[in-house]
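Just below is one structure, and these are the notes that go with it.
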Amino acid sequence: MAVKQYIPSSVLTSEQISQLKTRIEADIIQLHEDIVGLEEVTQPISPDNAIGRLSRMDAINTRSANQTALNAAKIRLSKLKAVLPRLDSDDYDECDECLAKIPFARLMLVPECEYCVACAEQIQRA
């Protein structure tokens with residue numbers, strides 16, 4: 001892992017924080033809706049449902065993919081909910097690894113990100 005060092009950069013403006021808050025709140029609403037839909041389609045498939053062997057296998061595979069999407073949505077929802085109260089803190093936009101400021105554009109794409117691009121790539125390779 002990289003040695004933690006403070007690399008100063010620009011600070012988020014109040015307008016940028018407002019934009020991030022709006023984005024996060026919209027994402028939270030959308031994730032709640034997505035989770036409700038995914039929970040409906042991940043219900044167990046009844047064995048007495050006469051849909052045929054191949055159709056049953058397809059339904060099981062689809063249910064598995066939807067379950068994965070449901071788990072990912074729940075994880076992202078919890079991360080976004082945790083980030084929301086931290087928006088005004090000085091360290092919200094700092095990389096957890098190198099302490100460099102994470103660019104606003106990256107935060108708008110992935111508001112729950114914890115690492116700058118360089119550290120995220122390094123961690124992913126490890």
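The values are calculated or read from the model by the stated rules, or taken from the named source; none is laboratory data. Quantities reported herein were computed from a predicted structural model and do not represent experimental measurements. Every residue, glycine among them, receives a Cβ derived from its backbone with ideal geometry; neighbour counts consider all protein chains shown.
Could you tell me whether the stretch 91-105 includes any residue that is assigned to a helix (DSSP H, G or I) and closer than 21 Å to LEU12 by Cβ? Checked the stretch 91-105: at least one residue is assigned to a helix (DSSP H, G or I) and closer than 21 Å to LEU12 by Cβ.
The residues of the stretch 85-112 that are at pLDDT below 95, aliphatic (A, V, I, L, M) and in contact with a helix residue (DSSP H, G or I) (Cβ under 7 Å, 6 or more places away or on another chain) amount to a single one, LEU87. For the stretch 106-126, a residue qualifies if it is part of a loop (DSSP other than H, G, I, E, B), within 15 Å of the chain's Cα centre (by Cα) and surrounded by fewer than 15 Cβ atoms within 10 Å (Cβ to Cβ), and exactly one does: VAL110.
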